[in-house]
Amino acid sequence: MTINVVQADWVSGSVLLLRDRNRFPIIMTQPRGVNGSDLLPLSLIGCAAWDVLHILRKQRQPVTGLRVTAQSAQDDAAPWRFREIDIRYEFRGQALSAAKARRAIEISQEKYCSVFVTLRDAVTIRSGFEIVAEGAPAPIAATLANDEAVSVVIAFNQALNARELDTMMGLMTPDCVFENTVPPPDGARYEGQAAVRAFWERFFEAAPHTRIEIEEILGAGDRCVMRWVYHWTGADGSAGHVRGVDLYTLRDGLIAEKLSYVKG
């Protein structure tokens, strides 16, 4: 029997930082984080999607996109037990075999998906699928989804765009360092949680209509490079943007250093 250990750390307020057996992070909080109850159907469709894609690729099926959704029915009163989960697969690609897609789902459920096998005797689970003959939307270029540094940085950027400061700081080390793009030529440097938090508080107050779009992100061990576009909307409604790069260093699964550089 294999023994695996997962972990949950209280960050602050209602924010929890979850880590799987390999210490990949998940932020659990409300309203701008994953809902704890949703982790059950998410675990189910994540496990199933992984299996199904692997099977179809081995069969050389030209899958260009996959979306899996789960609709759950729970009791209205505590402890809100799950009663039913309806899984819907949407495959995208040209000349996909419906028979092979159906069989891949069946193999996942019968043989490979540990979450499905565990839940099927306790919850009614139904599965269905459709095939859409079109290409997939363009992904973030060169993202390494299984890289811890990339996962943490993406979670940090999502929290930044959502103005979830507690979540952001929960993903940084106590002695974190942030170097801003301004003023030239070196940019201001902020050291430690208090200084970095104070910067973001001022930034969010001064620039309420901004977001950072990830153009490309690459991870290598404890380092990560992120190419981004910073978008803003001025007081007069005019839009603008600038491009730049962030260099991240991680320590123990948290961001220890974020160095920002900008074009222009």
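Read-outs throughout are calculated quantities, based only on the coordinates presented, and are distinct from any laboratory measurement. This one's a predicted model, so the numbers in the text were calculated from it and none came from an experiment. Every residue, glycine as well, gets a Cβ built from its backbone with ideal geometry; the counts of neighbours run over all protein chains shown.
Of the chymotrypsin sites (Phe, Trp or Tyr not before Pro) found in the stretch 60-123, those that fall in a DSSP loop while having at most 12 other beta-carbon atoms within 10 Å are W80. Our summary gives the chain a relative contact order of 15 percent, counting only alpha carbon pairs under 8 angstrom and 6 or more residues apart. On the principal axes of its alpha-carbon atoms, the stretch 143-233 has extents of 35, 32, 29 Å, going from largest to smallest. Bridgeable lysines around K111 (alpha carbons under 28 Å apart, same-chain partners fewer than 8 residues away excluded): K58, K100. Taking only the Cα atoms of the stretch 109-264, the radius of gyration and Dmax are 19.6, 63 Å. What the Cα atoms of the stretch 31-95 give is an Rg and a Dmax of 14.9, 47 Å. The Kirkwood hydrodynamic radius of the stretch 197-243, based on inverse pair distances between different Cα atoms, is 12.4 Å.
Helical content alone sets the calculated 222 nm signal of the chain at -8000 deg cm²/dmol, taking -39,500 (n - 2.57) per DSSP H segment of four or more residues and averaging over every residue. The length gained by stretching the chain between R243 and A194 to full extension, at 0.36 nm per residue less their Cα-Cα distance, is 14.9 nm.
In plain terms, if you count all Cα to Cα distances in the chain and split them into 5 Å steps from zero, the share in each step is 1, 5, 10, 13, 15, 15, 13, 11, 8, 6, 2, 1, 0 percent. According to the Cα-based calculation, Rg over Rh for the stretch 10-52 is 1.03, with Rh computed by the Kirkwood formula. Considering only Q94, A122, N4, the residue lying farthest towards the positive end of the dipole of the chain is Q94, judged by Cα position with unit charges set on Cβ. Taking label positions 7 Å along the Cα-Cβ direction at both D20 and D86, the computed distance is 2.8 nm, reported to one decimal.
Computed on the Cα atoms alone, the convex hull of the stretch 1-137 gives a volume of 152 cubic angstrom per residue. Take the alpha carbon atoms of the stretch 152-218, find their center, do the same for the stretch 9-73, and report the distance between the two centers in whole angstrom. Spelled out, the Cα-based centre of one part sits 25 Å from the other. List the DSSP H helices in the chain whose Cα atoms stretch 15 Å or more along the helix axis and whose mean Kyte-Doolittle hydropathy is at least -0.5. Those that clear 15 Å and a mean of -0.5 are 39-58, 148-161, 193-206.
Put a dot 7 Å past the Cα of E106, heading toward its Cβ, do the same for E215, and the two dots end up 4.8 nm apart.
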